[in-house]
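Every number here is computed from the coordinates shown, using simple stated rules; none is lab data. Everything numeric here is computed off the predicted structure, so don't read it as measured data. Counting neighbours? That spans all protein chains shown, and the Cβs are built from the backbone with ideal geometry, glycine included.
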Amino acid sequence: MLWMLFADPLMRRLLTPWSEQAHQMLSSFRRDFARARNDPDVVDLVTALCDIDPDFRTWWQAQDIHAPCHGVRHMVIENIGTVQFEHTILTIDEDRHLRLVYYAVKQDGPGRTELESWLHDGAGRAQ
């Protein structure tokens, strides 16, 4: 997810405001990084992201750590517009750093009806 967040231009259009949400996710990752800083794969990920993305490099050096990542995310979905999702993290296996991030459409948020119609009509299915 972190790689997509900083390396995929689509993510910058999907999440709004991107910088706020990306910074929050990076801060959450930094907290987890403290436990995995000796894992070569994790270190390689950080090194690669520092090399390809100036926002990541700057924010990584700031060393911000936030509380667990949960709350509301705003996503701009093509042909629908902005949709709000509530999200939370469920810890599956803390020792292996396995987590499930759960997203649910915010019931009173913008875009809910449009997203439900889009999914119901089959437009959301893979083509």
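Couple of notes before you dig in:
- Extents of segment 1-66, largest first, come to 33, 23, 18 Å (Cα atoms, principal axes, whole angstrom).
- The phi torsions of segment 76-92, fed into the Karplus equation with coefficients 6.51, -1.76 and 1.60 and a -60° offset, translate into couplings of 9, 9, 3, 6, 10, x, 7, 10, 9, 10, 7, 9, 8, 10, 10, 7, 8 Hz, rounded to whole numbers, with Gly and Pro shown as x.
- Residue-wise HN-Hα couplings along segment 104-109, as the Karplus relation 6.51 cos²θ - 1.76 cosθ + 1.60 with θ = phi - 60° gives them from phi, are 9, 4, 5, 4, 9, x Hz; Gly and Pro carry x.
- Paramagnetic label zone (point 7 Å from Cα along Cα-to-C-beta, Ala62; backbone N under 19 Å) in segment 14-47: 15-34, 46-47
- Derived scalar couplings ³J(HN,Hα) [segment 20-30; Karplus, 6.51 cos²θ - 1.76 cosθ + 1.60; whole Hz; x for Gly, Pro]: 5, 6, 5, 5, 5, 5, 5, 5, 5, 4, 4
- Which labelled figure in [x] 15.6; [y] 16.1; [z] 15.1 is Kirkwood radius over Cα pairs in Å, once derived from the coordinates: [y]
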